[in-house]
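Contents: one structure, followed by commentary.
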């Protein structure tokens, strides 16, 4: 019986791994052991308004789903593909439960909307640094990098305003 398994791959190479694995399955004539190989992607909504832009993004970067029968030959074929790290579950991979795959599938079909979390940081606002070497400093937000979740904050070091780059999780809003 074919079940869905999660395979960890090098991030950014998910589509290439899918193509290589599909070729390898055909080359080794193992189509009876395998079903689909998918890279879970979904529509991400940027913002919360009705006219907000949507774009396709990988739901789980660095992972590929493989529908296959659990056998040593099948695992060997998958693990022999370049840029494949491992199966989730180690030596005896655990298949996805039906409800887990149904949730992933509905995200891919757009039935469950994924919204990228919007930060509440505003340029010019004051923040308190709570982690790292600058913990305890007060600063003013100079730049916001939503994509990488980083802030450029101006803090006073020895009486001079100096820019530091820190993560969203390293500051408290004052």
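The values are calculated or read from the model by the stated rules, or taken from the named source; none is laboratory data. A quick note: this is a predicted structure, and the numbers were derived from the prediction, not measured. Here the Cβ is made from the backbone with ideal geometry for all residues, glycine too, and neighbour counts use every protein chain on show.
Summary table below
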| item | result |
| --- | --- |
| Residues (modelled with pLDDT under 90, part of a loop (DSSP other than H, G, I, E, B) and surrounded by 11 or more Cβ atoms within 10 Å (Cβ to Cβ)) located in the stretch 113-133 | 113, 116, 119, 121, 123, 131, 132 |
| Enumeration of residues in the stretch 136-155 that are at pLDDT below 90 and either assigned to a loop (DSSP other than H, G, I, E, B) or loosely packed, with under 12 Cβ neighbours inside 10 Å (or both) | 146, 147, 148, 149 |
| Residues of the stretch 136-156 that turn out to be farther than 11 Å from residue 121 by Cα and without any contact (Cβ under 8 Å) to a residue 12 or more places away in the chain, as a count | 3 |
| The stretch 80-103: number of residues that are surrounded by fewer than 16 Cβ atoms within 10 Å (Cβ to Cβ) and closer than 18 Å to residue 29 by Cβ | 1 |
| Failed condition for residue 42, given (1) at pLDDT 85 or above; (2) within 16 Å of the chain's Cα centre (by Cα) | (1) |
| Contacts under 7 angstrom Cβ, first residue in the stretch 70-95 being part of a loop (DSSP other than H, G, I, E, B), partner exposed (fewer than 12 other Cβ atoms within 10 Å of the Cβ), 6 or more apart | none |
